[in-house]
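Scroll down for the structure; my scribbles are underneath it.
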Amino acid sequence: MAAAISCSPTDLRPLLGAAANASAAAEYICSRFDAVSNKFVDTAYAVDNTYLLFSAYLVFAMQFGFAMLCAGSVRAKNTMNIMLTNVLDAATSSIFYYLFGFALAFGKPSNGFIGQHFFGLNKFPSQSFDYGYFLYQWSFAIAAAGITSGSIAERTQFVAYLIYSSFLTGFVYPIVSHWFWSADGWASPTRADNLLFGSGVIDFAGSGVVHLVGGIAGLWGALIEGPRIGRFDQEGRSVAMRGHNDTLVVLGTFLLWFGWYGFNAGSFLNILKAYRTSGSYYGQWSAIGRTAVTTTLAGCSAALTTLFGKRLLSSHWNVTDVCKGLLGGFAAITSGCSVVDPWAAIICGFVVAWVLIGYNKLAEKLKYDDPLKAAQLHGGCGSWGIIFTALFAKKAYVNEIYAGQPNRPYGLLMGGGGKLLAAHLVQIVVFIGFVSVTMGTLFFLLHKLKLLRISTEVEMAGMDVTSHGGLAYVYNDEFGYPATPKLGSNTGTTQSV
């Protein structure tokens, strides 16, 4: 944030000559100058906070995308259930992030492992943070919860959603975001000293903090629950369970694409910052534009690679696979979007498409069932994104964005040595360990308490009818559509929809 430019009457008076009113004139001129200077400072704060708030709105708009993507990816009999869980992910998470999450993540002064202030936004705003910053970070927290809900869709008790989303956004996610995003975090690249491997971890917008965390949490939930009924036959072969509406999948993908610009470019947190001499055309606004470009290219490269890759493997042009590939590209570039060149983003997308295809093949062989492929997409692609950043981060961009520590390590393939890669491998291992211990234990306890998976009868009939009062779509018997099926009845198409 720009500082006010001061005017000293003592320094100004000699320049006004020996006139009798020189002192009064100097006082008046400086008072007017200070007033104008303060207005510029106020304007800078307003512009930066407006930019951050607009970015927060974009990231929150991703919840529309998650809702549509999830709804289209499940069977029609569970549409209302998955839509309601998306709404409650946001609603429940907001309360717990307000009470505990933000304080654990960013409350300072703190130690390297956990925040200690701002519980319930007490003594807020401060010189460090304003309300726009809280809103922006909250929108990231609910994104992590939304990722996990996709992995355990169509077979999870409603109370389990409430418990896991509260725990994830109120404790697990805030702790890891403190480690890597707070200025006090032990692995943060913005620490004043004692940087991990002299670098810290450059996870700019959260390939690890958001996507890998949400993916690992979803992985454990799906593993402990087991696959949906009918997902694998008696011989152990995979049985396709397509979502009921590809149109919603495409709509959700475009909404997520739109919101991702706030996710990645908004992570600069401010826009009025010059990198070189004042008055230059080049500054943080340029880096923000570049970040939007790298985000776009990575997603598009992954989408095209997935299109032709799946065509070679299955002889089909599959729109849902392309959408998942596109989102995988976005998840991967999120870590390094601000510190890599556009050409490198294309490489990121090309590789991540094959990473996602490979993880999906592995999931089938291991009989792992994830209706939205969320663990593979966010966890697997997010992991590649973390490694990609350590390989392709450019020295000039790293020094511009993390100017407090000059000459820090950068991408291995860009001549920056292996220290950044070492820090990023530590991040992956730490995330897998911490999230597995916390979220894995939670899902295991829910399983043991019989609070995790729904009954076989409910799963066969569908949760919309059994738990939410009816189907998501209104059928009219006049035109030959079946009546709303009832639990235990043999009418309708509850097994196939």
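The values are calculated or read from the model by the stated rules, or taken from the named source; none is laboratory data. These numbers were taken from a predicted model, which means no experiment stands behind them. Cβ coordinates were reconstructed from backbone atoms using ideal geometry, including for glycine residues, and neighbour counts include every protein chain displayed. Heads up: the accessible areas ignore ligands, DNA and RNA and are worked out on the full protein's heavy atoms, side chains in. Shrake-Rupley method; radii C 1.70, N 1.55, O 1.52, S 1.80 Å.
Taking label points 7 Å from Cα along the Cα-to-Cβ direction, V87 and V426 give a separation of 4.5 nm. Computed packing ranks the peptides 145-152, 317-324 as 145-152, 317-324, most packed first, by mean other Cβ atoms within 10 Å.
With each label modelled as a point 7 angstrom along the Cα→C-beta vector, the S286-L413 pair spans 2.5 nm.
Summarising the label geometry, the points placed 7 Å from Cα in the beta-carbon direction at S455 and W354 lie 5.0 nm from one another. Amide H to amide H distances under 5 Å link F232 with V239, where only residues 5 or more positions off or on other chains count and H is placed in the peptide plane.
Given a Förster distance of 25 Å, report the FRET efficiency between L445 and F113 from their Cβ-Cβ distance, rounded to the nearest 0.05.
Computed FRET efficiency for L445 and F113 comes out at 0.55.
Cut-off under 29 Å on the C-alpha distance; same-chain residues fewer than 8 positions from K373 excluded. Which lysines are left, in chain and number order? Result set, ordered by chain and number: K77, K310, K324, K361, K365, K448, K450. Between D246 and I29, take the C-beta separation as r, use R0 = 45 Å, and let me know the FRET efficiency to the nearest 0.05. In this case the efficiency is close to 0.10. Calculate how steeply helix 213-225 sits against the longest principal axis of the alpha-carbon atoms of the chain, using the helix alpha-carbon long axis, and give the answer as 0 to 90 degrees to the nearest 10. Relative to the chain, helix 213-225 is tipped by roughly 20 degrees.
Averaged per residue, the stretch 94-196 has 34 square angstrom of accessible surface, using a 1.4 angstrom probe with ligands and nucleic acids left out. The stretch 305-355 and the stretch 371-418 have Cα centres separated by 17 Å. Take each peptide in 413-424, 297-308, 214-225, count the other Cβ atoms within 10 Å of every residue, and average; sorted highest first, the result is 214-225, 297-308, 413-424.
You can think of it this way: the chain between S128 and N38 has 30.5 nm of extra reach, that is 0.36 nm per residue less the Cα-Cα gap. Computed from the Kirkwood radius of its Cα pairs, the Stokes-Einstein diffusion coefficient for the stretch 49-468 at 4 °C and 1.567 mPa s stands at 61 µm²/s. Each Cα pair under 8 Å and six or more residues apart adds its separation to the average, and for the chain the resulting relative contact order is 20 percent.
The stretch between L272 and T190, if pulled fully straight at 0.36 nm per residue, gains 27.6 nm over its current Cα-Cα span. Taking amide H as placed 1.01 Å from N in the peptide plane, R453 has its amide H under 5 Å from the amide H of Q157, each at least 5 places away in sequence or on another chain.
On the chain, 65 percent of the accessible area sits on carbon and sulfur atoms, based on a 1.4 Å probe. In terms of the mean number of neighbouring beta-carbon atoms within 10 Å, the peptides 128-137, 345-354 order highest first as 345-354, 128-137.
Accessible surface computed residue by residue for the stretch 274-432, with neighbouring protein chains in place and a 1.4 Å probe, gives 39 Å² per residue. Label zone (W343, point 7 Å along Cα-to-C-beta; backbone nitrogen cut-off 15 Å) within the stretch 412-426: 413-415. Taking 17 Å as the cut-off, the amide N atoms of the stretch 66-87 that come nearer than this to a point 7 Å along the Cα-to-beta-carbon line of F158 belong to 77-87.
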